[in-house]
Structure formats: C-alpha cells, structure tokens
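Encoded as structure tokens, the structure appears first; notes follow it.
Values in this text are rule-based calculations from the coordinates and carry no lab data. As the structure is a computational prediction, the values presented were derived from the model and not from experiment. All Cβ positions, even for glycine, are placed from backbone atoms using ideal geometry, and neighbour counts span all protein chains on display.
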Amino acid sequence: MKTLLGKLVINYPYLFAVVLFIIGTIIVLTRDNLFKKLIGINIMESAIFIVFIAAGNIRGGAVPILDGGRADTVYINPLPSALMLTGIVVSVSVTAFALALIIRLYKSYGTTSARRIAEMRNEVLKHDSSHQS
Amino acid sequence: MRIRKLLIIIVALLAAYGILVAVAELPPYGMADNPVHNHVSERYINKALDETGVTNMVTAIVLDYRAYDTMFETIVLFTAALAVVITLKVSKRKEKG
C-alpha cells in the first residue's frame, strides 16, 4: 500500500511546484511592500510552469527536435512546452503592467507599502465624509 | 499583526495539504503511458516534419498549428505595453498641469 508520502516522492516535481506555490502565496499575503508582493506572484507563476512542463516529461525521453536518427526514439510531449510559452508571455505582461501601476502609486502616495497606502486612503475618505456632513 | 501572520501561515499550510492530497492522486511522473501523452501529442510528434517542415516540434506547434494563438499572444503583449505607456504618461501630464 502506498502512503501519501510515497506517492509524493514519485511525483517529486509536482511536490516542488506545490512548495513554490505556497511560498509565493505566503509572500503575497504577509509582505507589505508591493514589489515583494509582485515577486510572490511571479514565484506562483513559476510553480504553474513547473507543473505543466513536468506533466509533459517522459523519463529517458529525447528533446522534441527531430534529428533524423533512430525511428524508435521516444520524444517528450512538446505540447505543454508550447503552451507554457504563451503562459510566460502573459506572465511578463502582467508583471510589466503591475510594475507600472506600482510606480504610479509611488508617485501619488510617496510609498510602496500597501498598509500605509490603505491608511492614507482611509484618512482621505474620513476627511471627505466629515466635510459633507 | 503577529496573529495575522500566524493565521496566514496556518491557512497556507492547510491549502498546501489539500493540494498535496490532489498531487498524490496524479499519474506517476515521467511514465510514457500517462493520459497527458494522448493522440494529440502523438500527431504532433509523428507528423510535424511532414506537415510543417520544421524539425523542432515546439516551433511547429507555436508557429504553425497554433499560429492564431501566437498572433493573439502578441496582441496581449502589445496591449500590456500600451497600458504601461498610458499609465506612466498620464501621471506626467498631471504633474505639469
């Protein structure tokens, strides 16, 4: 009978991906600096890429480039690699736009701390409501 | 603040346990008869050279079989670049005015 741990050892690339994903989640939730939150999001994306690339791998398989060699060569699955190219492009786009938004926030508030930005916004909202009433 | 961090770590560990239970049920890593390696990838591996004339299968998929995907991918990239330029440009104009 295979325990949970035994199955996880067999699926060790997925295990590493889960560890990376949880590290990214903890960084996003605990860090205050917006840049560090963005790095956490990037770590989570890398975990997803690892899951897909690992799913397409075959032990002892050749890279999916035809070299006119033997006919019985086992090639690894080229489809997940091709899909992850798209994923990397989306990841880069999200990162670029998030960085632009953080720069914009820094110009408006003078800080990249998410907590202090929220405090400043709360103060402004309180100020506005007291003026109206 | 300390309690919040502790709570976050507990929730993350619970989520990790849930994902690990799911990962343990995946087919074993690196086997040639996994359901990932179905007729689609077989077709790409066996016919890529005849149908596209490219020896690199990943290139054949990205630039030939799924060329529309790649085209709209560049649109995603273009939109992101446009959004970055617009976001940074508006702030400059406000500072002047």
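Kindly list, by first and then second residue, each pair from a residue in the stretch A:6-33 that is facing chain B (nearest Cβ under 8 Å) to a residue that is of a type in the set (A, V, I, L, M) and not in a helix (DSSP H, G or I), limited to pairs with Cβ atoms under 6 Å and residues at least 6 apart or on different chains.
Correct list of pairs: A:Asn11/B:Leu26.
Considering each residue of the stretch A:95-114, count those that are more than 7 Å from chain B (Cβ to nearest Cβ) and touching a Leu at 6+ places or on another chain (Cβ under 9 Å), and give that number.
Looking only at that region, the number is 10.
Quick one: is A:Ile65 more than 7 Å from chain B (Cβ to nearest Cβ) and touching a strand residue (DSSP E or B) at 6+ places or on another chain (Cβ under 8 Å)?
no
State which residue is surrounded by the most Cβ atoms within 10 Å (Cβ to Cβ) when the search covers only the stretch A:43-100 and only residues that are acidic (Asp, Glu) and over 24 Å from the mean Cα position of the chain (by Cα).
A:Asp67
Can you name the residue in the stretch B:25-70 that is at the interface with chain A (Cβ under 9 Å from one of its Cβ atoms), in a helix (DSSP H, G or I) and more than 22 Å from the chain's Cα centre (by Cα) and, of all such residues, is surrounded by the fewest Cβ atoms within 10 Å (Cβ to Cβ)?
Per the stated criteria, the residue is B:Leu49.
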